[in-house]
Amino acid sequence: MDTILTAKGLCKSYALNGVQNHVLSQVDVQIYEGDFTIIMGASGSGKSTLLYSLSGMDKATAGKVIYNGMDIVSLKEKELTKLRYADFGFVFQQMRLVSNLTLFENVAVSGYLNKSSSANEVNKRADMLLEQMGLAQIKQHLPSQSSGGEQQRCAIARAVINNPKLLFADEPTGALNRKNTLEVLDLLTQINKDGQSILMVTHDMKAALRATRLLYLADGNIIGDLSLAPYESENEKSREIQVNAWLSSMEW
């Protein structure tokens, strides 16, 4: 399996009241193409910090993050912005949709900003994605006229409009009810099966079951790594038993 992203000796520290708080400590990890990789860990273990450091959204204190032969830790902000538009996609817990733009416009604007395709090509892809996400009938609605699940599906469409090599997701179901959570998880599972590489943080067991690979973070480092077969709903119960046993061994 090809490696898409590699971290070497990754560290992240924050100064709090004059004391250095070490959140990540010498993290070494490889993320593989085609995987649905999910990072878990206790609250405060640094899951989101690791995700943001790997994506270049936050600058690591030390270490390297190698993507396509580049150390993104050393890139300037302009170079990082270009990388994020072209190669990375992001889905957040809070959808961060632009309130005065329609769902269609929220998706399409990321394509326009990337400038690698014509406006007509971007519009066609936005329509195709909104159809795939089950949002075609409400694409002219504003976010305020849409449910939480619809907004998050729109956010996923926005994140993949530029065909990212890697999709980052930070607790994308954390603000959703059970029904909307399952809809979003089904969508993420399907786009992964269609070939989209995903790196996601979650604390939710139902979300963790969708992984093809689980990483466990504790004390600023990865202490567990579990590979799983692609998710199938008919095998969810046995999968839940397997994942629960593994998480228990991690003292989750």
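The values are calculated or read from the model by the stated rules, or taken from the named source; none is laboratory data. Remember, predicted model here, so these are calculated numbers, not experimental data. Heads up, the Cβs are rebuilt from the backbone with ideal geometry, glycines too, and the neighbour counts pull from every protein chain shown. Quick note on the areas: whole protein, heavy atoms, side chains included, nothing else; ligands and nucleic acids left out. Shrake-Rupley method; radii C 1.70, N 1.55, O 1.52, S 1.80 Å.
Looking at LEU176, LEU185, LEU226, which is the one that is open to solvent by less than 10 Å² (accessible area, probe 1.4 Å) and of a type outside the set (Ser, Thr, Tyr)?
Within the list LEU176, LEU185, LEU226, the selection yields LEU185.
Among the residues that make up segment 58-66, is at least one of them acidic (Asp, Glu), in contact with a Lys or Arg (Cβ under 9 Å, 6 or more places away or on another chain) and within 27 Å of LEU113 (Cβ to Cβ)?
Looking through segment 58-66, at least one residue is acidic (Asp, Glu), in contact with a Lys or Arg (Cβ under 9 Å, 6 or more places away or on another chain) and within 27 Å of LEU113 (Cβ to Cβ).
Might you let me know whether segment 43-55 holds any residue that is open to solvent by less than 40 Å² (accessible area, probe 1.4 Å) and more than 17 Å from the chain's Cα centre (by Cα)?
Among the residues of segment 43-55, at least one is open to solvent by less than 40 Å² (accessible area, probe 1.4 Å) and more than 17 Å from the chain's Cα centre (by Cα), which makes the answer yes.
For segment 15-26, how many residues are open to solvent by less than 90 Å² (accessible area, probe 1.4 Å), more than 12 Å from GLY46 (Cα to Cα) and in contact with a strand residue (DSSP E or B) (Cβ under 9 Å, 6 or more places away or on another chain)?
1
Output the number of the condition that ARG210 fails; it satisfies all remaining conditions of (1) in contact with a helix residue (DSSP H, G or I) (Cβ under 8 Å, 6 or more places away or on another chain); (2) open to solvent by 20 Å² or more (accessible area, probe 1.4 Å); (3) not β-branched (Val, Ile, Thr).
Just one mismatch for ARG210, condition (2).
Restricting to segment 60-72, name every residue that is surrounded by 15 or more Cβ atoms within 10 Å (Cβ to Cβ) and either without any contact (Cβ under 8 Å) to a residue 60 or more places away in the chain or of a type outside the set (A, V, I, L, M, F, W, C) (or both).
Across segment 60-72, the qualifying residues are ALA60, THR61, GLY63, LYS64, TYR67, ILE72.
Could you please give the count of residues in segment 78-102 that are over 14 Å from GLN152 (Cα atoms) and not in a strand (DSSP E or B)?
Residues in segment 78-102 being over 14 Å from GLN152 (Cα atoms) and not in a strand (DSSP E or B): 12 in total.
If ASN235 meets every condition in (1) in a loop (DSSP other than H, G, I, E, B); (2) surrounded by fewer than 19 Cβ atoms within 10 Å (Cβ to Cβ) apart from one, which number is that one?
(1)
Go through (1) assigned to a helix (DSSP H, G or I); (2) open to solvent by less than 60 Å² (accessible area, probe 1.4 Å) one by one and return the number of the condition ASN162 breaks.
(1)
Filter segment 120-140 down to the residues that are in a loop (DSSP other than H, G, I, E, B), open to solvent by less than 30 Å² (accessible area, probe 1.4 Å) and either at pLDDT below 95 or more than 15 Å from GLU150 (Cα to Cα) (or both) and list them by number.
Result: MET133, single match.
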